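One structure below.
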Amino acid sequence: MDKRKKFKPESLMMSYGYDPELSEGAVKVPVFQTSTYCFKTAEEGKAFFEVALGKREKLPGEEIGLIYSRLNNPNMEILEDRLCLWDDAEDCAVFDSGMAAISTVLMEFLGKGDVLLYNKPLYGGTIHFIEHILPTMGIEVVGFNAWDDLEDVKQRLIDEGQGSRLKLVYVETPTNPTNYLVDIAGLRELADHFSTEEKSITLAVDNTFLGPLYQHPLQVGADLVIYSATKFIGGHSDLIAGAVLGNQELMTRIKTLRTFLGNMASPYTSWLMLRSIETLKIRMEEQARNAKKVAEYLKDHPKVERVYYIGFLKEEDPRGYEIFQRQCSSAGSMVAFDVVGGEKEAFTFLNNLHLVKLAVSLGSTESLAEHPATMTHSEMEQEAMDKLFITEKLVRISVGIENADDLITDIGEALEKVPMLVGSEY
């Protein structure tokens, strides 16, 4: 029986895709720190290049040969095999950053005259690429709010004459930083509505906030799933990487463009991620448990105006909760909240944290806090941020694996330093 089907992903993270006998019996995958690889024969080299450059499909039983580390290397290939297990994907491509993964997808599936449909809010770097770089390539970009009715979104595309030119739907769910959920299955229906026999519209989902453990977009209608692997997959704030997963046909296109852009992950970065994914499940589970306790503490705190946490959807957002039940298995470990007041009060809170580190990024073993309006999302126009609730009072916390009581103590002490506003109830 195929081990991929017999055992669960967390059991295979230590061994899948690696044969110790090929590496002097080493239990762990060595770092293959080399730029090029020897061919046994010229004919073998020719065959390797044909497959690597997409000139032909692999023959039955044929293995992809090693050529040059810009195309492939053992560390990256083993990592890609293992990442496929979480999302039950046919293939995976690993990149040297999350933005490299995102921009490669956008460039591969969009061209002059095409329309991109995307949700707001998104990660700040993604928003910049979509709204400031793609239009220079002649690509029309159409945004919608994460909470918009998808029937209304579809009708707007029809009314504006954009549906016939729609080529790619790109979404991030949950949204960064406010944790709104976007209906992946509903977007699949929208994409199919505008697809034709000549043109199939691709649906790509950034799954960084919940994946690869708590949400599997490929299983509910997405064509591609994208990760900033810097975050939960890497999980230790010591590497930068990205990943894209999907079916063989689409991934061949992505890997071919990656070859010529030269933005694949290095052998050492891939090796570090192989180390990290061995503990992915236990890290994410502990982070989620801690986040639940932190969110519940914040919800009842007099100096907190509102908490943006997926675990509260049942009582606060029936629409979001219905989506959660269909496409998620956990609330994850991202928590955002509005401090009573504004930037001054938010900064006072952030400046008085000790255990929680004041830094951008997320998904790491240590807890991190940041101010989206002036940091990760600061390139957005103020009017757009206000509409998306990314205000000066908003703080985002990525909850780590520290002791939950200690995290709450640190957060509570920092909130105590926030000055009381005149006329407030606390």
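Please indicate, with yes or no, whether at least one residue in region 53-65 is in contact with a Ser or Thr (Cβ under 6 Å, 6 or more places away or on another chain) and not in a loop (DSSP other than H, G, I, E, B).
No, region 53-65 has no match at all.
Return yes when Phe39 is aromatic (Phe, Trp, Tyr) and in a loop (DSSP other than H, G, I, E, B) and no when it is not. Break it down into steps so the answer makes sense when it comes.
Working: aromatic (Phe, Trp, Tyr): yes; in a loop (DSSP other than H, G, I, E, B): yes.
In short, yes.
If Gly400 satisfies every condition in (1) assigned to a loop (DSSP other than H, G, I, E, B); (2) surrounded by fewer than 21 Cβ atoms within 10 Å (Cβ to Cβ); (3) of a type outside the set (S, T, N, Q) but one, which is the exception?
Answer for Gly400: the failing condition is (2).
Which count do you get for residues in region 297-318 that are outside any loop (DSSP other than H, G, I, E, B) and in contact (Cβ under 8 Å) with a residue 12 or more places away in the chain?
Of the residues in that region, 12 qualify.
For region 1-26, enumerate the residues that are of a type outside the set (Asp, Glu), without any contact (Cβ under 8 Å) to a residue 24 or more places away in the chain and over 14 Å from Trp271 (Cβ atoms).
Quick first cut of region 1-26, residues of a type outside the set (Asp, Glu) only: 1, 3-9, 11-18, 20, 22-23, 25-26.
Restricting the remaining residues to those that are without any contact (Cβ under 8 Å) to a residue 24 or more places away in the chain gives 1, 3, 5-8, 11, 15, 20, 22-23, 25-26.
Met1, Lys3, Lys5, Lys6, Phe7, Lys8, Ser11, Ser15, Pro20, Leu22, Gly25 - these are the residues of region 1-26 that are of a type outside the set (Asp, Glu), without any contact (Cβ under 8 Å) to a residue 24 or more places away in the chain and over 14 Å from Trp271 (Cβ atoms).
From the residues in region 321-331 that are surrounded by fewer than 21 Cβ atoms within 10 Å (Cβ to Cβ) and among the small types (Gly, Ala, Ser), which one is farthest from Ile390 (Cα to Cα)?
Once the filter is applied, the top-ranked residue is Ser329.
Which of the residues spanning region 164-205 are under 30 Å from Gly311 (Cβ atoms) and of a type in the set (Phe, Trp, Tyr)?
Step one: of region 164-205, the residues under 30 Å from Gly311 (Cβ atoms) are 169-191, 203-205.
Answer for region 164-205, where residues must be under 30 Å from Gly311 (Cβ atoms) and of a type in the set (Phe, Trp, Tyr): Tyr170, Tyr180.
Kindly indicate which of Leu274, Leu280 is touching a helix residue (DSSP H, G or I) at 6+ places or on another chain (Cβ under 6 Å) and either acidic (Asp, Glu) or surrounded by 18 or more Cβ atoms within 10 Å (Cβ to Cβ) (or both).
Leu274
Out of the residues in region 10-42 meeting the condition of being of a type in the set (Phe, Trp, Tyr) and under 30 Å from Met284 (Cβ atoms), tell me which one is surrounded by the fewest Cβ atoms within 10 Å (Cβ to Cβ).
The first filter runs over region 10-42 and keeps only residues of a type in the set (Phe, Trp, Tyr), leaving 16, 18, 32, 37, 39.
Then drop every residue that is not under 30 Å from Met284 (Cβ atoms), which leaves 16, 18, 32.
Values: Tyr16: 16, Tyr18: 21, Phe32: 19.
Checking each candidate, the answer is Tyr16.
I'm trying to understand the selection: among the residues of region 316-351, which are of a type in the set (Gly, Ala, Ser) and within 26 Å of Met420 (Cβ to Cβ)?
Initially, region 316-351 is screened for residues of a type in the set (Gly, Ala, Ser), giving 320, 329-333, 336, 341-342, 346.
Across region 316-351, the qualifying residues are Ala336, Gly341, Gly342, Ala346.
List, please: which pairs have Cβ atoms under 8 Å, are six or more places apart or on different chains, and start with a residue in region 37-48 that is within 15 Å of Asn72 (Cβ to Cβ) and end with one that is loosely packed, with under 10 Cβ neighbours inside 10 Å?
Matching pairs, first to second residue: none at all.
If I ask for residues that are under 19 Å from Leu298 (Cβ atoms), out of contact with any helix residue (DSSP H, G or I) (no Cβ under 8 Å at 6 or more places or on another chain) and free of Cβ contacts under 8 Å to residues at least 60 places away in the same chain, which ones from region 319-343 would you list?
Asp338, Gly342
Restricting to region 223-242, name every residue that is within 19 Å of Tyr123 (Cα to Cα) and either free of Cβ contacts under 8 Å to residues at least 40 places away in the same chain or outside the structural domain of Glu172 (by TED's automatic domain parsing) (or both).
Passing the criteria: only Leu239.
Could you list, ordered by first residue, the pairs with Cβ atoms under 6 Å in which the first is in region 138-149 and under 13 Å from Val169 (Cβ atoms) and assigned by TED's automatic domain parsing to the domain that holds Thr175 and the second is assigned to a strand (DSSP E or B) and charged (D, E, K, R), at least 6 apart or interchain?
Every condition considered, the pairs that remain are Gly143/Lys120.
Of the residues Ser97, Ser69, which single one is within 16 Å of Ile226 (Cβ to Cβ) and either polar (S, T, N, Q) or surrounded by fewer than 19 Cβ atoms within 10 Å (Cβ to Cβ) (or both)?
Checking each option against the conditions leaves just Ser97.
Residues in region 150-166: is at least one part of a strand (DSSP E or B) and at pLDDT 95 or above?
yes
When you check Val360 against the structure, is it of a type in the set (A, V, I, L, M, F, W, C) and without any contact (Cβ under 8 Å) to a residue 24 or more places away in the chain, yes or no?
yes
Tally the residues that are without any contact (Cβ under 8 Å) to a residue 24 or more places away in the chain and part of a loop (DSSP other than H, G, I, E, B), restricting the search to region 376-397.
1
So for region 333-342 (the condition being assigned to a helix (DSSP H, G or I) and buried (at least 22 other Cβ atoms within 10 Å of the Cβ)), does at least one residue qualify?
For region 333-342, residues assigned to a helix (DSSP H, G or I) and buried (at least 22 other Cβ atoms within 10 Å of the Cβ): absent.
The values are calculated or read from the model by the stated rules, or taken from the named source; none is laboratory data. Values in this document were obtained by computation on a predicted structure and should not be read as measured data. Neighbour counts are summed over all protein chains in view; Cβ atoms, including those assigned to glycine, are modelled from backbone coordinates with ideal geometry.
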